[in-house]
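Derivation of every value follows stated rules applied to the coordinates shown; laboratory data play no part. Remember, it's a predicted structure, so these values are computed and weren't measured experimentally. Heads up, the Cβs are rebuilt from the backbone with ideal geometry, glycines too, and the neighbour counts pull from every protein chain shown.
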Amino acid sequence: MSEIDDEMMEEFETVILTDEDGCEIEFAVIDTVEDGGNAYVLAVEAGMLDEDEPEAALFKKTVSENGEDMYELIEDDDEFNKIAGLFQLSGDDYDVELEN
């Protein structure tokens, strides 16, 4: 990671997630919102933070049986669109654009 990346990462909470292939990926949490008792996270892959328009992912934050935080992709289109809209409204420091 470059010096610029290190400086950017200090600004954000980070989480390490494991993809379906078992690879660990570090994400920087850009923002969080709550809706209906659920917490949602807007995150960018740490290695993409210095790009002009990095792609972000939306995750639903859940808690496992042993009390650990877990993050899962939002698969329901209606839920995804609703939460993306909430991030669009709250994004003072960023713009959220949905790809159709």
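Sort 22-28, 79-85, 38-44, 66-72 by packing, meaning the average of other beta carbons within 10 Å per residue, with the highest value first. Provide the component values of the computation, followed by the final result.
Working: 22-28: 13.7, 79-85: 16.0, 38-44: 19.7, 66-72: 10.1.
Output ranking for 22-28, 79-85, 38-44, 66-72: 38-44, 79-85, 22-28, 66-72.
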- Query: In vacuo Debye scattering of region 17-94, one point per C-alpha: log10 I(q)/I(0) at q = 0.14, 0.23 Å⁻¹?
  - Reply: -0.49, -1.23
- Query: By how many nm would the segment from GLU65 to GLU26 lengthen if fully extended, with 0.36 nm per residue of separation less the alpha-carbon distance?
  - Reply: 11.7 nm
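Please rank ILE74, ILE16, fewest neighbouring Cβ atoms within 10 Å first, as an exposure proxy.
Details: ILE74 18, ILE16 10.
Result, fewest neighbours first: ILE16, ILE74.
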